[in-house]
Amino acid sequence: MIDKGGEAYSGDLRGVLKSYADQLFKEKGWTLNAANEIEGFLFKGRDAEKQYHEKGKFEYVNTGGYYHSLPLDPLRQFIDTAAEVQRAMGFGNEKDHPEVAPSQFEINYGYGEVVAAADQIQLYKLLCRQVAANMDCTASFLPKPVVGVNGSGMHTNMSISEGTTNLFWDEKGQEKLSAFGWEYIDRILTHGLDLCLLLNPSVNAYRRLDPHFEAPNQLKASATDRGSMVRVPIGNSKSMRVEVRSVAPDANPYLVMYSLFRTGIEGRTATLANLRQAERYLPDNIYDAIDDFNAAEWTTIILGDDVKGRFADLKRAAADRCARQLGSFVKGPEVQYHHEVYNQALWALF
């Protein structure tokens, strides 16, 4: 997209991401790679989100968990059908399974160049919604639609390659991650509070950042600790990567990829004494996240004053339509003004 002056439109985040990736390839020969693990819930009823304000609850299609995958189970049928649609659309499927919470799913696929990877996130959510609707169900990507069980995340795996060389791999490095990879993590953790609103853009997302449910709300890195914002998965010379676990499934994928890659490459480093020990935590409500976002010089640098201001205004307007205190149950406006619903045709049905 272009603005009225004929220049690239700064609010076209897909265009911004593509321009940044193209620039790095041209100047450094780097290719930005990403893959996402996107969790969601399958609920009974085609319009479960629309009807939430009337019913005050979502209905599970089953009450099983991670290993509940009987062939005729509706969740298993949904997962198998969605995975088949993905394969037909060219996704490189890797694994699919129910998740920890009842009626929760995750359908994983292989990594790709960053713009294509962000496009796949959009396609993934769209096809899941359509497959669910055909089953008279709803695929929901609310980060925490049900209190008392695990929420849903969009774990974002990233690597950078130069030709056929993975720049994050070092056989002798700590956790097999290169010094460049650890600097990349340092920058993301240093700017973790600055970026939180971009990675968790809805009121409901802050229910998920609850330490009682493996929530990745600690500003630290770990190979094993699920409470860390950043994880260093086991990898090899091809698969070594950095995984940011604090991303919510309702986040704008182009904004997520752009902000994380640019921060990891260009952000400030060395403000944390120990990358493996949490000195700070992500906020537990959207208002604190908005304040951190507005106060950060870094978000102005990467987004510009105009886009930054409009984004913050939109998020505050949505937040002001919801109860300020999250409380112990999901409120109707959290669903109604949830942007994953807001930006789709079904918004008109509310």
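Sub-9 Å Cβ pairs linking a first residue in the stretch 321-332 that is touching a residue at least 24 places away in the same chain (Cβ under 8 Å) to a second residue that is hydroxyl-bearing (Ser, Thr, Tyr) and in a loop (DSSP other than H, G, I, E, B), at least 6 apart or interchain, are Cys322/Tyr337, ordered by first then second residue.
Matching residues to (1) buried (at least 24 other Cβ atoms within 10 Å of the Cβ); (2) in contact with a strand residue (DSSP E or B) (Cβ under 9 Å, 6 or more places away or on another chain):
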{"residue": "Asn157", "(1), (2)": "no, yes"}
{"residue": "Ser161", "(1), (2)": "no, yes"}
{"residue": "Phe168", "(1), (2)": "yes, yes"}
{"residue": "Ala179", "(1), (2)": "no, no"}
{"residue": "Glu183", "(1), (2)": "no, no"}
{"residue": "Arg187", "(1), (2)": "no, no"}
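Kindly indicate whether any position in the stretch 63-75 is over 30 Å from Asp306 (Cβ atoms), modelled with pLDDT of 90 or more and either under 24 Å from the mean Cα position of the chain (by Cα) or assigned to a strand (DSSP E or B) (or both). Checked against the condition, which is being over 30 Å from Asp306 (Cβ atoms), modelled with pLDDT of 90 or more and either under 24 Å from the mean Cα position of the chain (by Cα) or assigned to a strand (DSSP E or B) (or both), the stretch 63-75 yields at least one hit. Picking from residues in the stretch 179-217 that are among the charged types (D, E, K, R) and either in a helix (DSSP H, G or I) or without any contact (Cβ under 8 Å) to a residue 60 or more places away in the chain (or both), the one that is farthest from Cys322 (Cα to Cα) is Glu183. Annotation note: Cβ proximity below 6 Å between a residue of the stretch 72-84 that is touching a residue at least 12 places away in the same chain (Cβ under 8 Å) and a residue that is surrounded by fewer than 20 Cβ atoms within 10 Å (Cβ to Cβ) and acidic (Asp, Glu) (sequence gap 6+ or interchain) occurs for Ile79/Asp96; Ala83/Asp96. Of all residues being in a loop (DSSP other than H, G, I, E, B), modelled with pLDDT under 85 and of a type outside the set (S, T, N, Q) in the stretch 328-343, which is farthest from the chain's Cα centre (by Cα)? Just the residue, please. Here the residue is Tyr337. Among the conditions (1) more than 22 Å from Ala118 (Cα to Cα); (2) modelled with pLDDT under 95, the only one that Leu193 does not satisfy is (2). Is at least one residue of the stretch 211-222 surrounded by 24 or more Cβ atoms within 10 Å (Cβ to Cβ) and among the charged types (D, E, K, R)? Scanning the stretch 211-222 turns up no residue that is surrounded by 24 or more Cβ atoms within 10 Å (Cβ to Cβ) and among the charged types (D, E, K, R).
With respect to the conditions (1) within 18 Å of Tyr111 (Cα to Cα); (2) touching a helix residue (DSSP H, G or I) at 6+ places or on another chain (Cβ under 8 Å); (3) not charged (D, E, K, R), Tyr184 falls short on a single one, namely (1). Of note, Leu24 does not satisfy the criterion of being within 30 Å of Thr165 (Cβ to Cβ) and either at pLDDT below 90 or assigned to a strand (DSSP E or B) (or both).
Table: residues versus (1) surrounded by fewer than 20 Cβ atoms within 10 Å (Cβ to Cβ); (2) at pLDDT below 95.
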{"site": "Ser237", "(1), (2)": "yes, yes"}
{"site": "Val244", "(1), (2)": "no, no"}
{"site": "Tyr254", "(1), (2)": "no, no"}
{"site": "Gly267", "(1), (2)": "no, yes"}
{"site": "Leu272", "(1), (2)": "yes, yes"}
{"site": "Gln277", "(1), (2)": "yes, yes"}
{"site": "Asp284", "(1), (2)": "yes, yes"}
{"site": "Asn294", "(1), (2)": "yes, no"}
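When Ala248, Ala312 are screened for being touching a helix residue (DSSP H, G or I) at 6+ places or on another chain (Cβ under 8 Å), at pLDDT 95 or above, within 26 Å of Ile121 (Cα to Cα) and buried (at least 20 other Cβ atoms within 10 Å of the Cβ), only Ala248 passes.
The values are calculated or read from the model by the stated rules, or taken from the named source; none is laboratory data. Everything numeric in this text was worked out from a predicted model, so none of it was measured. Here the Cβ is made from the backbone with ideal geometry for all residues, glycine too, and neighbour counts use every protein chain on show.
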